[in-house]
Amino acid sequence: MLRYFRWMAITSLVIYLSGASSDFALAEISSDYGQINAINISHRGASGHAPEHTLQAYELGNAMNGDYIEIDLQMTKDGELIALHDETIDRTTERKGLVKNLTLKEIKKLDAGSWFNDAFPEKMSTEYLGLQIPTLREVLDRFGPDSKFFIETKSPEVYPGMEEKLINILNEYNLIGAHHTFGNVVVQSFSVESLRKVHEIDKSIPLVQLLSYYAPAVITDTEVSKIKEYAVGVGLHYTAVSPGYIKKVTDSGLMVFPYTVNEKEDMNMLLDWGVTGMFTNYPDRLNEVIQSRISKKP
Ligand code: G3P
Ligand code: CA
């Protein structure tokens, strides 16, 4: 009976997240196989196959049946939101420096693809040479209303006003507000303040609270209640989660999205434990795992 209520809670929330008219993949739990289906989030795009946070990586994520494209946001010196994980350009381009000290024009001159060929010669492609760091607008221009996005406000304390800019752009692209398909855009952050700012501007946007834990993760009833005041789910490193953690959080009505899950064995384990979805650099692998579980469903 308890398992039934858990299934109902997750299903209702996934429907809530996706919007009644959406064809969003529903999470589904069976007593024999654990959770069969799950939300497949392409982490920085299909970043196991192509340079992270490039249009190619996002394209591949969609082609590999990712449900959502995950985007990390940083902000340039002249106030443009760009898709980049790090506060610096050091790791993924040929230059060094802080994003906050560089203009968009300077950012656009950088090669955000070649590092991948150097780091992963077995996955090298000439297509990746000279790829640019995309702005959020460029991502939305390319993928717009046909894709779904998990957008993270990175280092919001470094970039005052980034939430307002984000919401203005999402409104401009008609992805939130009166005519949007609810749940197509989820905003996530490690910063409670940043998420609260988003809701001060637009309370209808679903939020996911990212949490940092020293494994194993433990969450109190009070923490769950506080998060439920503003968020629809939590995200945490997959090595920190346990069946008990997932049960407690999902029983409360919150969704759980572990990151970053790249091995099929771990994907299956987390699905057995009842996660709502997961971030992966390999959306193709997660899709294969899900399809395999669906095919075994009695
Ligand atoms: O957003 C979920 C996950 O991506 C958080 O970690 O460092 O990859 O942004 P990070
Ligand atoms: Ca992220």
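Take segment 36-54 and flag every residue that is in contact with an Asp or Glu (Cβ under 7 Å, 6 or more places away or on another chain) and more than 16 Å from ligand 2 (Cβ to nearest atom). The answer is ILE36, ASN37.
Against the list (1) open to solvent by 20 Å² or more (accessible area, probe 1.4 Å); (2) within 23 Å of the chain's Cα centre (by Cα); (3) under 13 Å from PRO134 (Cα atoms), the condition ARG91 fails is (3). Scan segment 74-111 residue by residue and report those that are part of a loop (DSSP other than H, G, I, E, B) and hydroxyl-bearing (Ser, Thr, Tyr). Within segment 74-111, THR76, THR92, THR93, THR103 meet the criteria. Filtered by the rule that a residue be assigned to a helix (DSSP H, G or I) and touching a Leu at 6+ places or on another chain (Cβ under 8 Å), segment 112-135 gives SER114, ASN117. Count of segment 244-298 residues, restricted to those that are touching a strand residue (DSSP E or B) at 6+ places or on another chain (Cβ under 8 Å) and open to solvent by 40 Å² or more (accessible area, probe 1.4 Å), is 6. Of the listed requirements (1) among the small types (Gly, Ala, Ser); (2) open to solvent by 20 Å² or more (accessible area, probe 1.4 Å); (3) farther than 22 Å from SER147 by Cα, GLY79 misses just one: (2). Do the conditions hold for VAL249, that is, is it more than 16 Å from ligand 2 (Cβ to nearest atom), within 17 Å of PHE190 (Cβ to Cβ) and in contact with a Pro (Cβ under 6 Å, 6 or more places away or on another chain)? In short, no. Checked against (1) open to solvent by 10 Å² or more (accessible area, probe 1.4 Å); (2) touching a residue at least 24 places away in the same chain (Cβ under 8 Å); (3) in contact with a helix residue (DSSP H, G or I) (Cβ under 8 Å, 6 or more places away or on another chain), ILE133 passes all but a single condition, namely (1).
Taking segment 268-283 as the range and being of a type outside the set (Val, Ile, Thr) and touching a residue at least 24 places away in the same chain (Cβ under 8 Å) as the test, the residues that pass are ASN268, LEU270, LEU271, ASP272, TRP273, GLY274, GLY277, MET278, PHE279, ASN281, TYR282, PRO283.
The values are calculated or read from the model by the stated rules, or taken from the named source; none is laboratory data. Just so we're clear, the structure is a prediction, and the values are computed from it rather than from any experiment. Cβ atoms come from the backbone with ideal geometry, glycine included; neighbour counts cover every protein chain shown. All accessible areas refer to the heavy atoms of the entire protein, side chains included, with ligands and DNA or RNA removed. Shrake-Rupley method; radii C 1.70, N 1.55, O 1.52, S 1.80 Å.
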